[in-house]
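Read through the structure below, which is laid out as C-alpha cells, and then see the notes.
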Amino acid sequence: MKKLRVLFMLTFSLFLSFFISSKTDFVHAASNKQIVFWNPFTGPDGTNMQKLINQYNKTNPEYKVKNVSLTESDMYSKIPTIVNSGKGIPDLQIVHVERIKDYVHNGLLDSYDPYLSQFPQIKGKNYVPEAWKNGKYEGHRYGVPLDIHTTFMYYNKDLVKKYAPHALDDNIVTFKEIEEAGKKSQKDGITALGLTWWKPLFLSLYGQMGGKLTKDGRNPTFNNATSKKAINLYKRLREEKITSQDGQDPMQLFLTGKDIFFPEGIWMNNQIKEGKIKYGVTNMPQISSNPNKMVNWSSSHQFVLLKQPKRSKAKTKATLKFINWVRLHSLTWAEAGQNPASLAITKNAKYNNMQQSFLLSNKTEQNSLTIFDYRYNGYLADYLDRYAYDAVFNKTSISKYLKKMQNTVQDEVDAQMAD
Amino acid sequence: MEDMLNTAKTAENVRTKSRNSKPTKSHPLYYLLPHLIIFSIFFLIPLVFGIYVSFTKWDLVRTPDFVGLENYKNILFSNSIFHDQLTSGLWHTILFVLLSVPFCIVVPLLLAVALNTKPFLGKFFQGLFYLPSLFSISAVVIVWSLIFNPNYGPLNTLFHLNQVWTGTQPWAWMTIVILTVWWTIGGNMIIYQAALNGISKDYYEAADMDGASSWSKFIHITLPSIRGQLLYTIVTTTIAQFNIYGQPLMLTNGGPNGSTSVLMMNIQQNAFGSGQSLAGLSSAMAVILGICITVVSMVQLYLLRDKD
C-alpha cells in the first residue's frame, strides 16, 4: 500500500513539475530586459530578419530584441489563445495588414497612439502611403509597416525579345500584348502566361476593372458583372492556350524557359535567381496601358502590439525605438527580395539596383500598389485559395463559382460573434 | 545470535502481515490514476468542452456566447453554406471510407497470408511493406504527388499519358485511396501476421488430409481463426478513415471543385482559417461527425459480433 502511495506521489509530482517548469519559462521570457518579437519569417527571409535583429542588438540597446520565428499558420493560431490567456504575450508582433481590422474588433491589439508623440519620425510621410494608410483603423494607429510586398511579373528576356519585343517599352504589359505573344509562341510550345497564385491574379484584375470587395465594409460584393468579366478573361486565355494549363507547373515552365511571363511575389526572387534563365521584372498584367490605372496586388507585414494586461511603458518605448531603427536600416530586409515600407530606403543606391526597387521608384508605381483591405479578407482568401482556378479550368461555371464565393463569405460574416 | 533470530522473526512478521493485508476498495484506483489523469486532460475534458462549445458562438478570444441549438439548426436545417459543408463534407468522408476501408483490410490481409508462407526474402518484404507506416503524411503526399505529377511524374511518362490525376474525377479519389492504402498497410498487416502465427497447424493438416483447396482453407480456417483481429482492424480502420484530413488537404486541396473536400477540412477551416474563428459551428460539425463514427462502429460491432 505504501509503495502504491509512493508511486502515486511520484506520478503527481511529475505532473506538477511539468506545469511548474512550463510556467517558469513564461516568467523568464517576460522578466528579462528583452523585447520578444514574434514573426512568420521561417523561410529564407527569416535569415535576413535575424541578421537585421543582430545588427540592432549590436548597437547595445537597453532592451535587446529576441527573434521568435513561427510558421505562419501556427503563429496565427497561437495569437488569439495567447492573448486570451494573458501569459507569454510577445512584446512585438508581425501580422499581415489585412488582419488588423479583425484583430481590433476582437480586442487583440493595443494602439500605438500614446507613444507616437515621442517618435515623431514614425509618421505617414516616411512610409509608402498604401502601407501606412492601412495600419490605421477607426482613427487609431495599430500597425507600423515593415514592408509592402507585391506580386509583380517576372519575364524571360530571350522569349520577350522573340515573341513580344515591344511589350516592355512602357514597362506595362497588357493582356492584349500577352495574347499576341502567346499566339506566336504556342506554335513553338511556349506558354505566354503562367497561372500562378490565383488570389493576387484575380484581385489585381478585379481592382483594375474597378471591382470592390464591399460597399458598406461588412457585406461582400463579389458576385457581379465585373468579377465575371475578370474570371472570363483568364478562362478565355486558358482556352486559347495562351496561359499554362491544368496540371502544369508554371514555375517549372518558367525556369525551363517554356514560359514568357510569370506573375509571382517579389519574395520569390531568390528562388528564381537559382534558375539559369535571363529574366527581368515588371508590373502585373494590366488591361490598360495607362500608368495611372495600374494595379499591383500588395500586402504588408506590420509591426503590431498585442494586447497585454499590464503594458510596460518603458518596454513599449524600447519597442518603438526598435521599429524606428528598422525604418532607417531596412536594406537587410530588402536583400531578402522585399520592398521595405520605409521611404528612406529609396535613397539607398544599393537598394535602387535591386530588381524590386522599381515599384517604389516613383509616385505612379507607388500608387499602383494596392492592398485589398476588407475586414473579412480572411474568409475571401480561404475561398480563393481553396477553389482557385476551378472556374478558369472549367470545373464549374463562373456563375456558380462566384455565387458560392459570395454566399460563403456572407454566411461566415453573419455567423461571427457580435462585436 | 539472539539478535539475528529476532530480526528474522520481525521480517517474517512483516511479510506475513503484508501478504494478509486485504486490498481496499480504493486499491485499483491507484493503478488507474496515472492513466485517468492523462485520459482526463487530453480526452475527457476537451471532449466535454468541445460539446459545450458546439452550443455557443465563440471566436477563441472572447467568452463564448451560449446560443443553445442554433449551430445545429444552422448546419442541419438551413440553406446556409454550413449546411452544404456538412452534407457534402460528410458524403465525401463516407465515400472515402467506403472506397478505402475494404482495401485497407484486404490488401494487408493478403500480404500477411503471403508472408505467412515464409517465402524467400519474407522478412525483407515485411519490413518494406511496414515502412510507409513510419512516414509522416507530408512525406507520403510529396512522394505520391511526384508520382502523379502530370508533367514529369513516372506514371504519365511510362504509359505516355496526359492525365491530370489529382485535378479530375474519378482519378482524384483514386489517388487519395491508393496513397492511403500504401501508407496504412503496415499496421493491419502486423496484426494479421501475429494472428496467423497463432493458428494451429493441425487444422491445415486435417484439411489437407480431407483434400481441401487453398481457398477453402482460407475461408473456413484462416478467416474464422482471426475473426477477433479482423473485427478490431475493421472498426479501428473505419474510425481512422472517418478522420481523413491530410491526404485531400495536401494532395488535391479538396478539389476539383470541392469534390474531395472532407468534413474534417471544413471543420478545421471554420475554426482555424484565416478569418475570425467560427469555433461553435466547427464544434457542432465535429460532434455530428463523432456521432456518425460511434453509430457506424456500433453497427459494425453488432454485425460482426460472435453469435456463439
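The values are calculated or read from the model by the stated rules, or taken from the named source; none is laboratory data. Values in this document were obtained by computation on a predicted structure and should not be read as measured data. Backbone-built Cβ (ideal geometry, glycine too); neighbour counts: all protein chains shown.
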Failed item, numbered, when B:L281 is tested on (1) modelled with pLDDT under 95; (2) within 14 Å of another protein chain (Cβ to nearest Cβ): (1)
Among what's in the stretch A:48-75 and is exposed (fewer than 15 other Cβ atoms within 10 Å of the Cβ) and of a type in the set (V, I, T), pick the residue that is farthest from A:H329 (Cα to Cα). A:T71
May I ask you to list the residues in the stretch A:337-350 that are over 15 Å from A:W267 (Cα atoms) and of a type outside the set (V, I, T)? A:S342, A:L343, A:A344, A:K347, A:N348, A:A349, A:K350
Could you please let me know if A:A415 is free of Cβ contacts under 8 Å to residues at least 40 places away in the same chain, facing another protein chain (nearest Cβ under 10 Å) and buried (at least 16 other Cβ atoms within 10 Å of the Cβ)? yes
Given the criterion modelled with pLDDT of 95 or more, of a type in the set (V, I, T) and farther than 22 Å from A:A334 by Cα, identify the matching residue among A:I277, A:I287. A:I287
Does A:T214 qualify as being outside the structural domain of A:H140 (by TED's automatic domain parsing), surrounded by fewer than 19 Cβ atoms within 10 Å (Cβ to Cβ) and farther than 19 Å from A:V160 by Cβ? yes
Does A:F26 satisfy the condition of being modelled with pLDDT under 95, within 14 Å of another protein chain (Cβ to nearest Cβ) and closer than 24 Å to B:I38 by Cβ? no
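Quick grid of which residues meet (1) buried (at least 22 other Cβ atoms within 10 Å of the Cβ); (2) assigned by TED's automatic domain parsing to the domain that holds A:D216:
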{"residue": "A:K317", "(1), (2)": "no, no"}
{"residue": "A:H329", "(1), (2)": "no, no"}
{"residue": "A:E335", "(1), (2)": "no, no"}
{"residue": "A:L343", "(1), (2)": "no, no"}
{"residue": "A:A381", "(1), (2)": "no, yes"}
{"residue": "A:Y389", "(1), (2)": "yes, yes"}
{"residue": "A:N394", "(1), (2)": "no, yes"}
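Which of the residues that make up the stretch A:110-137 are more than 27 Å from A:S368 (Cβ to Cβ) and among the charged types (D, E, K, R)?
A:D110, A:D113
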List pairs: first residue in the stretch B:28-51 and more than 11 Å from every other protein chain (Cβ to nearest Cβ), second residue among the basic types (K, R) anywhere in the structure, Cβ distance under 8 angstrom, at least six positions apart or on different chains. none
Could you identify the single residue in A:Q252, A:Q248 that is surrounded by fewer than 17 Cβ atoms within 10 Å (Cβ to Cβ), under 26 Å from the mean Cα position of the chain (by Cα), within 14 Å of chain B (Cβ to nearest Cβ) and of a type outside the set (A, V, I, L, M, F, W, C)? A:Q252
Can you name the residue in the stretch B:65-106 that is hydroxyl-bearing (S, T, Y) and in a helix (DSSP H, G or I) and, of all such residues, is nearest to the other protein chains (Cβ to nearest Cβ)? B:S88
Failed condition for A:D45, given (1) modelled with pLDDT of 90 or more; (2) in contact with a helix residue (DSSP H, G or I) (Cβ under 7 Å, 6 or more places away or on another chain), with all others met? (1)
Matching residues in the stretch B:107-149 - criterion: being of a type in the set (F, W, Y), without any contact (Cβ under 8 Å) to a residue 60 or more places away in the chain and in a helix (DSSP H, G or I): B:F124, B:F125
Tally, over the stretch A:352-373, of residues that are within 15 Å of A:A336 (Cα to Cα) and small (G, A, S): 1
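Quick one: in the stretch A:107-148, which of the residues that are under 24 Å from A:F358 (Cα atoms) and aromatic (F, W, Y) is nearest to the other protein chains (Cβ to nearest Cβ)?
Per the criteria, the residue is A:W132.
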Count of the stretch A:78-103 residues which are more than 17 Å from A:Y379 (Cβ to Cβ) and outside any loop (DSSP other than H, G, I, E, B): 10
Output yes when any residue across the stretch A:99-108 is more than 16 Å from B:D59 (Cα to Cα), of a type outside the set (A, V, I, L, M, F, W, C) and surrounded by fewer than 18 Cβ atoms within 10 Å (Cβ to Cβ), and no when none is. no
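Could you please find all residues in the stretch A:305-324 being among the β-branched types (V, I, T) and touching a helix residue (DSSP H, G or I) at 6+ places or on another chain (Cβ under 7 Å)?
Of everything in the stretch A:305-324, just one residue is among the β-branched types (V, I, T) and touching a helix residue (DSSP H, G or I) at 6+ places or on another chain (Cβ under 7 Å), namely A:T316.
Just give me the residues in the stretch B:261-272 being part of a loop (DSSP other than H, G, I, E, B) and within 11 Å of chain A (Cβ to nearest Cβ), in sequence order.
Result: B:S261, single match.
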Exception for B:R62 within (1) surrounded by 17 or more Cβ atoms within 10 Å (Cβ to Cβ); (2) not in a helix (DSSP H, G or I) falls at (1)
Tell me, which helices (runs of 4 or more DSSP H) wholly within the stretch A:339-411 include 1 or more residues that are of a type outside the set (G, A, S) and within 14 Å of another protein chain (Cβ to nearest Cβ)? A:377-387
